[in-house]
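The structure appears below as structure tokens.
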Amino acid sequence: MRIAVIEGDGIGPEVTKSAIEVLKMAASKYGLNIDIAYVEAGDNAVRKYGEALPSRYWPIIEGADAILKGPVGESAGDVVVKLRRGGLDLYANIRPARNYPGGVKAVRDGVDLVIVRENTEDVYVRAEYMINDDTAVALRVITRRASERIARVALNMARARRRRVTIVHKANVLTVSDGLFRSVVRNVAREYPEVLINEMYIDAAVMDLVRRPPQDFDVIVTTNLYGDILSDLAAYVTGSIGLAPSANVGDNKALFEPIHGAAFDIAGKGIANPTAMILSAAWMLRWYGGERTGNNNYVAAGGAVEDAVINTLSQGIHTPDLGGNYTTESFTTEVIKRI
Ligand code: ATP
């Protein structure tokens with residue numbers, strides 16, 4: 001398996017180092033053939049090459065089966081949006097939120113949901129203009145094609161879970177663009193009679209994610225910007241933002257990254273929680289062994305890493321964001337021991 005690794009900025013290199021150590025252990029235990037190539041991208045790449053995602057690295061990204069990406073700082077938009085939308089067409093951003101064991105304090109318990117966020121359009125097409133000195137406009141693009149394919153990802157996922165899909169939108173105000181998104185998802189949903197569909201406005205959804213019984217949410221499907229905001233909240237509601245992994249999946253390739261940002265406030269202190277990054281790497285192994293190749297060794301290795309993380313957390317081995325005093329490194333050592 002060829003993996004392109006972007007360490008990123010802030011705490012990125014620290015949590016990436018952990019994830020790579022864990023990957024190497026899993027690879028040796030499960031006989032995986034992993035080939036890692038590093039790609040410089042982010043704020044440091046801007047300083048060094050004048051480009052956030054230097055074109056010299058594009059062949060490595062194109063040649064990789066998957067990309068494992070740490071958080072990027074100021075230039076995140078230039079890196080992430082280019083990777084998701086550019087030639088790779090990673091159209092589905094999948095962000096699970098669930099509680100973790102071991103006294104990880106959460107705003108809500110009993111959460112087990114997945115946010116399926118459309119990843120290629122909406123205001124993230126980044127078509128913003130000053131039309132005169134005092135007025136800026138931004139285009140919002142919603143297409144039938146992108147709405148249809150994200151609807152299918154969400155509905156297929158719901159079929160394998162608790163069979164509920166909540167469409168989150170603001171079609172009462174954005175009647176044309178969100179109106180199209182909603183009607184396309186509803187149309188696709190007719191092919192899935194076993195899945196219960198409901199809808200929510202984005203403003204109600206952020207409130208209800210905290211207020212309503214967590215069981216009410218299974219799969220949430222939404223457009224790009226709402227999904228971005230909603231998934232940070234969902235990650236927070238279940239504990240630390242340092243725990244939640246995410247996937248950006250296309251038809252042939254996928255990118256895995258933690259939900260959290262570069263966290264410059266704690267960078268270089270050795271206290272970042274590497275869980276989200278390690279779980280992103282585990283998910284990458286499961287995806288590659290599952291949907292991509294059908295090689296069970298990778299699926300088993302991904303599962304073993306996830307079990308090791310859960311086991312570590314449940315024994316109260318926590319980094320400072322969770323109230324513990326383990327460092328990034330000592331936490332990682334504990335995870336590796338358990339694989
Ligand atoms: P972005 O806009 O890229 O999401 P941000 O600065 O808004 O970045 P984060 O970088 O995610 O948000 O950080 C938000 C807060 O969460 C910070 O105070 C940071 O210390 C904390 N945090 C984020 N990730 C981690 C982590 N892995 N371990 C510990 N704390 C973290």
**Asked** Applying the Karplus parametrisation 6.51 cos²θ - 1.76 cosθ + 1.60 with θ = phi - 60° to the phi angles of the stretch 172-183, what ³J(HN,Hα) value in whole Hz is obtained for each residue in order, glycine and proline being reported as x?
**Response** 6, 9, 8, 5, 7, 6, 5, x, 5, 4, 4, 5
**Relative contact order (percent, whole number), the stretch 42-140, Cα cutoff 8 Å, 6+ residue spacing** = 19
**Request:** Pull up the cross-link candidates among the lysines for LYS48, meaning alpha carbon to alpha carbon under 27 Å and not fewer than 8 places away within one chain.
**Result:** LYS17, LYS69, LYS82, LYS269
**Asked** DSSP beta bridges in the chain, what fraction antiparallel, as a percent rounded to 5?
**Response** 45
**Asked** Taking the simple approach of a point 7 Å from Cα along Cα-to-Cβ for both TRP58 and ASP35, what is their distance in nm?
**Response** 2.2
**Message:** Expected output is a single nm value to one decimal: the length gained when fully extending between ARG145 and ASP109, i.e. 0.36 nm times separation in residues minus the C-alpha distance. What is it?
**Reply:** 9.3 nm
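Given the stretch 107-237, what percent of its DSSP beta bridges are antiparallel, to the nearest 5? Write out the running numbers ahead of the final one.
Working: 5 of 19 bridges.
Within the stretch 107-237, antiparallel bridges account for around 25 percent of the total.
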**Message:** Compute the distance from the alpha-carbon center of the stretch 132-160 to that of the stretch 1-41, in whole Å.
**Reply:** 31
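For the stretch 107-237, report the convex hull volume of the alpha-carbon atoms normalised per residue, in Å³, without decimals. Intermediate results must be reported in sequence, preceding the final value.
Working: hull volume 14.6 nm³, N = 131.
Taking only Cα atoms, the stretch 107-237 has a hull volume of 111 Å³ per residue.
Can you pull the percent of Cα pairs in the chain with separation above 25 Å? Write out the running numbers ahead of the final one.
Working: 29732 of 57291 pairs.
Of the Cα pairs, 52 percent sit more than 25 Å apart.
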**Asked** Gaussian network model of the chain, Cα springs within a sub-10 Å range: biggest mean-square fluctuation belongs to which of ALA92, ALA146, ALA234?
**Response** ALA146
**For peptides 98-106, 327-335, sequence by mean Cβ density within 10 Å, most packed first** = 327-335, 98-106
**Message:** Relative contact order of the chain, please, whole-number percent, based on alpha carbon pairs below 8 angstrom and at least 6 residues apart.
**Reply:** 23
**Message:** Can you compute 3J(HN,Hα) from phi for each residue in the stretch 104-120, using the Karplus curve 6.51 cos²θ - 1.76 cosθ + 1.60 with θ = phi - 60°, rounded to whole Hz and x for Gly and Pro?
**Reply:** 6, 5, 10, 5, 10, 9, x, 7, 8, 9, 10, 9, 10, 10, 5, 10, 10
**Fill in**
Amide H contacts under 5 Å for ILE115, restricted to residues at least 5 apart in sequence or on another chain and with H modeled in the peptide plane, are ARG95, ALA97, ILE220
**Asked** Separation between the SER183 and ASP251 pseudo-spin-labels, each 7 Å from Cα along Cα→Cβ, expressed in nm?
**Response** 2.7
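Per-residue counts of other Cβ atoms within 10 Å, averaged by peptide: what ranking do you get for 268-281, 35-48, 17-30, highest first?
Descending mean neighbour count gives 268-281, 17-30, 35-48.
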**Message:** Pick from THR175, THR120, THR312 the residue whose mean-square fluctuation is largest in a GNM of the chain, springs joining Cα atoms under 10 Å.
**Reply:** THR175
**Prompt:** When the helix-only estimate is applied to the chain (DSSP H runs of n ≥ 4, each -39,500 (n - 2.57), divided by the residue count), what is the mean residue ellipticity at 222 nm, nearest 500 deg cm²/dmol?
**Reply:** -12500 deg cm²/dmol
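Each reported figure results from applying straightforward, stated rules to the coordinates on display, with no laboratory input. Please read these numbers as outputs of a predicted model, since none were measured by experiment. Don't worry about glycine lacking a Cβ; one is built from the backbone with ideal geometry, like all the others, and counts go over all protein chains shown.
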